[in-house]
1. Taking 0.36 nm per residue of sequence separation and subtracting the Cα-Cα distance, how much length would be gained by fully extending the chain between Q36 and T62, in nm to one decimal?
2. Which order do the peptides 51-59, 11-19, 37-45, 23-31 take when ranked by the mean count of other beta-carbon atoms within 10 Å per residue, highest first?
3. Taking the alpha-carbon distance from K57 and a cut-off under 12 Å, which aspartates and glutamates remain once sequence neighbours fewer than 8 residues away in the same chain are dropped?
4. Relative to the longest principal Cα axis of the chain, at what angle does helix 27-44 sit, 0 to 90 degrees, rounded to 10?
5. Aspartates and glutamates within cross-link reach of K20: Cα-Cα under 19 Å, excluding same-chain residues under 8 positions apart?
6. Which translational diffusion coefficient, to the nearest whole µm²/s, is obtained for the chain from the Stokes-Einstein equation, given a Kirkwood hydrodynamic radius over C-alpha pairs, 20 °C and 1.002 mPa s?
7. Amide H neighbours of T26 under 5 Å, counting only residues 5+ apart in sequence or on other chains, H built in-plane at 1.01 Å?
Amino acid sequence: MEKLAIQNGKVLRLANVLIKELYSITLLELDEAINQLMQFIDVTGIQTCGPLITHVKGTYVTVSGEVAVIN
C-alpha cells in the first residue's frame, strides 16, 4: 500500500461521507458502534474508497471507573 504524504496547510474536501456522532460513551461501546457501522456498510452494499476515519476529542473517567470517550 502506498504511503500518504503529510503536508501542512492543505485542505481535505470530502464528498458523500457517512457520519455517526457519539457522545459520552465507554470505550467498549465505541468499539461496538464502529463494528455496527462497518456491518451497516457491508449489508447495504456501500462501496468505500478509503479508510475508516475516527475522531476522538478526549477521554474522561466516569464515576464507576470506566473510561468514556468525548467525541
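Each value in this text was obtained by applying a stated rule to the coordinates, not by laboratory testing. The shown structure was predicted, so the numbers you read here are calculated from the model rather than taken from an experiment. Every residue, glycine as well, gets a Cβ built from its backbone with ideal geometry; the counts of neighbours run over all protein chains shown.
1. Working: separation 26, 0.36 × 26 = 9.36 nm, distance 2.39 nm.
Here the answer is 7.0 nm.
2. 23-31, 37-45, 51-59, 11-19
3. Counting by Cα, and skipping residues close in sequence, K57 has these aspartates and glutamates nearby: E21.
4. Between the helix axis and the principal axis of the chain, the angle is about 40 degrees.
5. Of all the aspartates and glutamates, those that pass the test against K20 - Cα under 19 Å, at least 8 places apart if same chain - are E29, D31, E32, D42.
6. Working: Rh = 14.8 Å.
Using the Kirkwood radius from Cα pairs, D works out to 145 µm²/s.
7. Amide H neighbours of T26, under 5 Å, 5+ apart: V69.
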